[in-house]
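A.B. asks: Shown below is the structure under consideration.
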Amino acid sequence: MTAVELPAPVVAPAVPAVDRAVRPTRARDGRARLLTVVLWVALGTAFAATCAVRGLPTDRVVLLGWVLAGLGVHAATQGPRRLVRLLLDWLPLVAVLLAYDASRGLADGLGMPVHVAELADADRWLGGGVLPTVWLQEHLEADAWRALATLVYSSHFVVTPLVLGVLWVRNRERWARCARLVVALSLAGLLTYVLYPAAPPWLAARDGVIEPVERISSSGWAVLGLPKAGVLLDHGQGQVNLVAAMPSLHTAFAVLMCAVLLPLARRRWQRVALVAYAVLMPVVLVWGGEHYVVDTLLGAAYAVGVFLAMPALERAGRAVLRRAAGAAPALPWRA
């Protein structure tokens with residue numbers, strides 16, 4: 001009798017457990033990416049609408065707020081702990097800068113006289129009897145220069161907040177040191193503004209103290225085909241302290257950001273670009289009627305001084321904290 005071979009049962013291929021686990025993960029990743037896109041689009045729309053209504057933001061705290069909003073979007077997809085860390089890290093910095101802005105009118109309340117002629121006289125001495133601002137405006141009229149100068153000038157309002165934001169994402173220790181430098185430089189500038197309020201060249205010219213000088217730092221937007229941007233920037237400039245010429249914090253922060261980023265520059269062209277930016281900023285400011293040469297020199301000196309003094313200040317601060325901790329009385333339940 002011949003044996004009949006039965007066909008082997010068909011077994012459905014088993015779905016690996018790994019595949020079953022990956023599917024929900026992929027779904028979550030897809031939702032996270034969608035949420036990120038939605039949040040970035042919403043933030044970009046809000047920024048564009050704000051600029052259209054109120055002008056380009058030129059206030060450091062406002063710009064810092066927009067950077068924080070961007071960091072919030074970045075942190076939102078990384079869990080609540082990242083958001084908490086964002087708040088804990090940035091709130092002290094924002095509080096100090098808010099106090100800085102709130103006290104910018106303190107000089108008026110104290111009745112401090114506004115210095116107008118002294119800075120012009122110092123620049124005339126440096127220029128051999130000629131105001132550098134007047135000379136530059138007479139000799140630098142090319143459209144290409146106007147466009148470059150406007151871009152350099154306008155970059156001041158975004159470079160420092162952006163550098164802080166990028167450093168926070170990539171290297172929190174470097175961010176903390178940069179934040180301390182920004183706060184120290186802001187406070188040094190504020191103290192000087194209170195004790196020595198000074199008028200910029202364009203304001204001195206308007207009052208007839210010096211030769212005619214135009215405020216042309218935003219004139220390059222028309223060359224770039226963006227005249228509306230110039231109007232928005234002018235609107236934002238009208239909301240800042242008009243007698244905060246000495247020192248030039250535009251120059252100070254350009255030099256400070258150069259000093260902060262130079263150690264991170266890996267290529268020669270990056271180092272050249274950073275140094276060129278720090279040198280070009282004061283030239284643009286003097287040409288545009290925003291600052292005298294002496295303002296820019298003092299601003300650069302402030303930046304270098306703060307940068308060099310910060311390590312010693314940090315060591316002194318840590319020593320004070322250690323002494324305070326050692327002198328604190330022991331708690332009864334720890335005795």
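A.B. asks: Of everything in segment 34-43, what is at pLDDT 80 or above and either surrounded by 12 or more Cβ atoms within 10 Å (Cβ to Cβ) or in contact with a Cys (Cβ under 9 Å, 6 or more places away or on another chain) (or both)? Give them in sequence order.
C.D. replies: 42
A.B. asks: Another question, then. Tell me, yes or no, whether segment 196-205 has at least one residue that is surrounded by fewer than 15 Cβ atoms within 10 Å (Cβ to Cβ) and either modelled with pLDDT of 90 or more or more than 26 Å from the chain's Cα centre (by Cα) (or both).
C.D. replies: no
A.B. asks: Part of a helix (DSSP H, G or I), buried (at least 20 other Cβ atoms within 10 Å of the Cβ), in contact with a Lys or Arg (Cβ under 7 Å, 6 or more places away or on another chain) and not small (Gly, Ala, Ser): which single residue out of 185, 167, 119 fits that description?
C.D. replies: Criteria check complete, one pass: 167.
A.B. asks: Sort out which residues of segment 142-172 are under 21 Å from residue 72 (Cβ atoms) and of a type outside the set (Val, Ile, Thr), and write them in order of number.
C.D. replies: Answer for segment 142-172, where residues must be under 21 Å from residue 72 (Cβ atoms) and of a type outside the set (Val, Ile, Thr): 157, 161, 162, 164, 165, 167, 168, 170, 171, 172.
A.B. asks: Tell me whether segment 314-330 contains one or more residues that are modelled with pLDDT of 85 or more and surrounded by 12 or more Cβ atoms within 10 Å (Cβ to Cβ).
C.D. replies: No, segment 314-330 contains no residue that is modelled with pLDDT of 85 or more and surrounded by 12 or more Cβ atoms within 10 Å (Cβ to Cβ).
A.B. asks: Within the bounds of segment 122-133, is there any residue that is modelled with pLDDT of 90 or more and among the basic types (Lys, Arg)?
C.D. replies: The answer is yes; a qualifying residue exists.
A.B. asks: Filter segment 235-272 down to the residues that are modelled with pLDDT of 95 or more and β-branched (Val, Ile, Thr) and list them by number.
C.D. replies: 251, 255, 260, 272
A.B. asks: Report, by residue number, each residue of segment 67-99 that is within 26 Å of residue 189 (Cβ to Cβ) and of a type in the set (Gly, Ala, Ser). Can you show your working first?
C.D. replies: Here is the first cut: in segment 67-99, the residues within 26 Å of residue 189 (Cβ to Cβ) are 67-71, 89-99.
Across segment 67-99, the qualifying residues are 69, 70, 95, 99.
A.B. asks: So is residue 132 over 21 Å from residue 243 (Cα atoms), in contact (Cβ under 8 Å) with a residue 60 or more places away in the chain and surrounded by 13 or more Cβ atoms within 10 Å (Cβ to Cβ) or not?
C.D. replies: Details: over 21 Å from residue 243 (Cα atoms): no; in contact (Cβ under 8 Å) with a residue 60 or more places away in the chain: yes; surrounded by 13 or more Cβ atoms within 10 Å (Cβ to Cβ): yes.
No; evaluated as a whole, the condition is false for this residue.
A.B. asks: Give just the number: which of (1) out of contact with any Leu (no Cβ under 9 Å at 6 or more places or on another chain); (2) surrounded by 11 or more Cβ atoms within 10 Å (Cβ to Cβ); (3) at pLDDT below 70; (4) closer than 30 Å to residue 185 by Cα does residue 111 not satisfy?
C.D. replies: (2)
A.B. asks: Return the pair list, or none, for Cβ contacts closer than 7 Å from residues in segment 192-210 that are assigned to a strand (DSSP E or B) to residues that are of a type outside the set (Gly, Ala, Ser), at least 6 apart or on different chains.
C.D. replies: 198/114; 198/115; 198/119; 198/243; 198/246
The values are calculated or read from the model by the stated rules, or taken from the named source; none is laboratory data. Predicted, not measured: the structure shown is a model, and the values here were computed from it. Cβ sites come from the backbone with ideal geometry, for glycine too, and all protein chains shown count toward neighbours.
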